[in-house]
Amino acid sequence: MHEDISKNQEVLINNKSVNTKQFSAFYLDNRLYGIEVSRVQEVVRSMTMTPIPLAPDYVRGLINLRGQVATAIGLRELFGFHEQLPDEFINIVCKIDGMLISFQVDEIGDVIEVSEEDFEQTPQTISDNIRRYMIGVYKISNSLLSAIDVDNIIKFLNHKT
Amino acid sequence: MALTPEAKQSALSEYFDECYEMLERLNKNVSIVEKNGSDKEILAAIYRDMHTLKGSSQLFGFAKIGRLAHVMETCLDPIRKGKTNLSPELLDSIYIGLDFITFTLDQIKDLKKEPDSHEELEKIFAKFLSSVELSITNLKSLSKDKILLTEETFEYIKAKPSTEETTPVSVENKNDTEIPSFEIFDMAENPVQSVTSATRPVVQSKLEEPQTSDKKNVSDEQISETIRVQVNLLNNLMNLVGELVLIRNQLLQHAKFNDDDTDFLKMSQRLNLLTAELQNEVMKTRMQPIGNVLTIFTRVVRDISKELGKKIDLNLQGIETELDKTVIEAVKDPLMHIVRNAVDHGIETAEERKKEGKKETALIILKAYNESGQVIIEIIDDGRGIDKEKIGAKAVEKGIITKETLSKMTEKEVQLLIFTPGFSTADVVSNISGRGVGMDVVKTNVERIGGLVDLFSVPGKGTTIIIKIPLSLAIIPALIVHSEGQQFAIPQTKLVELLRIDNSETNSEKIENLQGQAVLRLRGKLLPVISLAQVLFNKRNNLNFAEDEHNKLNQENIVSNVVILNADNFLFGLIVDEINDSADIVVKSLSQFLKDLKVFSGATIMGDGTVALTIDVLGIAEIAKISIVHTNDRPSSHFQNKLVNHYHSDICEYLLIDAGAPSAYAIPLSIVNRLEEFETERFELSGEQKVIRYRNSLLPILSLPDFLELPFENSKTEIIKERTPIVVIKRGHFSYGIEVREIYDIIEVSSEIDQSVKDRPGILGTIVTNEQIIVIADIFGMIDIVKSNLESQSHPHSEIVHEPQIVTEIIKRQNHRILLVEDSSFFRKYIHSILLEAGYLVETAYDGANGLEILESSLQNHFSLILSDIEMPIMDGLEFAKHVRSSKNHSKIPMIAITTKYTQNEIQEGLSVGFSSYLEKLRAEKLIAELDLILIQNKTKEKN
């Protein structure tokens, strides 16, 4: 699957004339998602976490990120894929409103450049659990990338609790 | 003089800094002069600052400030030279002038140019001109030498637009036309030149002359030991030190596990010391004396009191107390609000004060001091205090509380209502304190920086507001605790004490069960107890209070670590698995959605690199739904002492019980040792006496309902209950179990015990509160009566009571004055009333120190005898006795100790320091008998 994506990427890079965006691709339960590259501060492997009692299950804990405290959000729990959480996970660290938030995903993919022409609104049939965090969908040659809006996630979390 | 924009900008910001600094100093100095009269040095300093202000303002082209400063300088000159005195009028004009300059500076900063017209500004300016004129007229008549100068000034003022003294509008017009405002940031040429060209040349030349000649002096003086640094720079420095502290902590942790490498250990120790020192010094760079803020209040109080026609002295204490700049900034507005409130609402008018028999001049004390790593600021006024009725009525009217709630609230609770949002007491919204924001803002602002606000008020006497704030916000000392294997940090500011409670031992500090809730008896007070594991992880594992005898056996050697915390002035205990070190932590804030959990205030990185959450003490208390009602006006130990110092609290605690009667019965909490609940079947009979096996001995059970023999339904019929609540009372060496129907609650009551209604033994008297009548049970009296039926035990203090020969004694007693020293207001009142009833004259003191004060200020034979409690705050009875015995005038005075429990050792100790005997509180006859004995003996000795 990875190879496919890199092929897509090459194609897209050759097509520079169109309005493009870069997404950092990641996988949850083998499905493809992306966060805009400009929003990602860094990607790190699993780290020791301090769980937060009383917090909702998708708040997995706090991470010491070189002296800064990052809050880890399990996207699986947030999106409602509770079954069989993987032992290992990857942290995608973003800075949102001055706070470090680490989105924990199963696997990290490549940087994918997408064209705005391939953009579609999120179909109404998608579960609200995920749809509310999505900007929309990008059609990549043999896959679909669900674009995630990290600001929306935080806005929703702040609103919810 | 082609300055680059950057250079101009930086020069300008330096100008602002300097001006504000000078204004602050000017305000301070002027108020000193006003208070203490003319001091040559200070006057010179004022003159100097005014001069510098003038010079630099003109340099930057701010003509208005420059001219004003010039006028003031001119007025001050004769005073500085001692030719004339500073008149109150001139002082007023100087104050107004300073206001004008401050205001203009603010405007310049905001608008980036000198304001051309502003209503407020014009008002101040007009006021200044008219007052200056007034003072100058006075000057003229006073000192003929200065006529020339004043005329010159006049001319200067008059020369300005048409007529200043008329309307502000004319001033405005004039300013618009003659002095164009400068876009200083776009101006490339020399500003001074533009000023010259824009203003009248005559004026300008006059101004420039002193400027050049005096400039040298000024610059000489400015060579000093300080440099100005941007606060931003200090902030960055502070952040970096914060990071360094974290790394240091991690390194120390690492060194702990590598202790075979001695070089590494040494280096890490060295690094540790250096980091601590560095942290300390960097914190110091941000420290400012709180006086910087407090001194502005002199001005505020002066102005407002004048406006309101009140006479107020403001007394500042501890202005050198240092605080972090951010904390000072944060606390400035709340303080201002409190002070304004005190002046506006708190202090009465001079006439009112006269009527009340108070000194006409009111006093407001602003006191700052350090205590246990925090800064305490007290705002004390001797005004009218907070009227419970008025506040209550207002709160009901505003819909903050209902009438029913109000009727149940204590005075303190009602007073605390002023901190509720939406509460403003002023009948008419005045422009002084009623500006839409209430004391609730004060409270939230102080709490936001981790502080506490508390209030004590006695109607008619005054109000004290206490603010407790941390020294710094960035790095705070915290206690690290463990719960369920996870580390948590508790800010030290909320910490009262740490306890290790062994429930298997027979010590008095235990976690007990009260109606299914865990409570801790700590020095005679019941505190609610919660477990951190229960709150955070919903586990009830370590709440090992003794349910009953049986359970307790299984729980031997179970030790609880309890952290006593102060949440918004009520105390509670938090059980944790483990108490670790205390550490300086750097608090990082949490994401918004985690703050909403309420239990955590932030996170920090520990020495081992893990992240620990910091506990929000208020939040935990809220989540655990700790009953605030019962504990609300129990101040922390610190506040409690304060309370005793300021106003002698009349609040006493009682245990509310069901004695088988419809009315409420209560036992003074100070005599209660423990609360238990036993299975009814475990009671046994020894002869006719009901007993229970209790801690390796037999506890006699006395039933209060049976003893009282109240003729109410159910009172005699045996109600078979599975469990019986028992109040354990300890007297001397013996414990007694008092059987009651039910234990309800602990209440705090401030009313007097009325002894007129006591129809039977076992009743001490009644207390009338707002809602009900509470009957106080005389447990010791009941024990005495019941005990006479008990053959099995002999009490060491059960000698036959010497019955006083009433008629003759009462007359004799009236010759004697007794000093009663007792901290518990209940006993103080109770014994006081007993002594009075018997005919003795009594004076009371609320602790040893107070007793000593009273004694020292009295004549040698004023008191015939001292009755003193042993356990008292501040100065206990033993200490007190030592002082009395070593005093010149009173060393011979007989002293009797009165106490609830004592051992032979304690008696020995008491006797050795000078007490002649020990008596139990609450045994009236015995007390009077003993007094008669000593005082009459004394009398006979005197006759001999």
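The angle separating the long axis of helix A:150-160 from the principal Cα axis of greatest extent in chain A is about 40 degrees. Could you sort out which of B:K35/B:K355; B:K408/B:K443; B:K510/B:K730 sit more than 19 Å apart by Cα distance in this structure? Exceeds cut-off: B:K35/B:K355; B:K408/B:K443. Look at the dipole of segment A:113-160 built from charges on Cβ: of A:L145, A:Y133, A:T122, the Cα furthest out on the positive end belongs to A:Y133. Are there GluC sites (Glu not before Pro) in segment A:75-151 that DSSP puts in a loop and that have at most 15 other Cβ atoms within 10 Å, and which ones? Loop-located and lightly packed - A:E83, A:E88.
Annotation: the residues A:D151, B:D110, sorted from fewest to most other C-beta atoms within 10 Å of their own C-beta, follow the order B:D110, A:D151. Going down the table (B:K525/B:K882; B:K310/B:K358; B:K390/B:K625), which pairs top 22 Å between alpha carbons? Correct reply: B:K525/B:K882; B:K390/B:K625. As a rough footprinting exposure proxy, the listed residues B:L244, A:L75 were ranked by other beta carbons within 10 Å of their own, and the order from fewest upward is B:L244, A:L75.
Axis of helix A:2-14 versus longest Cα principal axis of chain A: the two differ by about 50°, to the nearest ten degrees. Sorted fewest first by neighbouring Cβ atoms within 10 angstrom, A:L32, B:L265, A:L62 come out as B:L265, A:L32, A:L62.
Taken about its Cα centre, segment B:288-470 carries a charge dipole of about 300 debye when Lys and Arg each add +1 at the Cβ and Asp and Glu each add -1 at the Cβ.
For chain A, a simple Cβ point-charge model (Lys and Arg +1, Asp and Glu -1, everything else neutral) yields a dipole of about 500 debye relative to the Cα centre. Pairs to check: B:K28/B:K367; B:K398/B:K598; B:K412/B:K598. Give those whose C-alpha atoms are more than 19 Å from each other in this structure. Cα-Cα > 19 Å for B:K398/B:K598; B:K412/B:K598; rest within. Put the Cα centre of segment A:99-146 next to the Cα centre of segment B:78-92 and the gap is 78 Å.
None of the figures in this text is laboratory data; all of them are computed from the coordinates on show. Quick caveat: nothing in here was measured; it's all calculated off a predicted structure. When we count neighbours, we look across all protein chains shown, and the Cβ atoms used for this are built from the backbone with ideal geometry, even at glycine.
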